[in-house]
Amino acid sequence: MTFVSLIHAALQAPTATRVAAGALAAAAALAAFAGWRRSARQRTGLRIEADGQIALRQGDGTATAEPVFVSPWLICLRTAPQRLVPVWRDGLDASGYRRLAAAARWRTRRKSEPDRIPDGIV
């Protein structure tokens, strides 16, 4: 989209600016194409281990994923301190999403500590 705006600006600009805007439009188009190709090559996959651990495969590596948020339409998995992976309901088939939601809820409940009621509260 950026390169379309740059081409439009290039057609409206004086001659010197027209060349610079045309070059920027070509660079933006090339960068967009390269980014699209790179994202298409990286395949992402989810796996639920026998013990209920969720694993995320991206490219050649596999990382464990801890559930952060589970709802009927969205599951958020954390694979690193700064990396949060959203999994939308329409991103998986129905049975796959249900299995992932069940595994994520099971992991969340299993790792949480029991609720402690402070003394004096009845």
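The residue that is modelled with the lowest pLDDT, counting only those in the range 28-69 that are surrounded by fewer than 10 Cβ atoms within 10 Å (Cβ to Cβ) and under 21 Å from residue 95 (Cβ atoms), is 43.
Of all residues in the range 97-120, those satisfying the criterion of being modelled with pLDDT of 90 or more and not hydrophobic (A, V, I, L, M, F, W, C) are 97, 98, 99.
The values are calculated or read from the model by the stated rules, or taken from the named source; none is laboratory data. Keep in mind it's a predicted model, so treat the numbers as computed, not measured. Ideal geometry is used to build each Cβ from the backbone, glycine not excepted, and the neighbour counts take in all protein chains shown.
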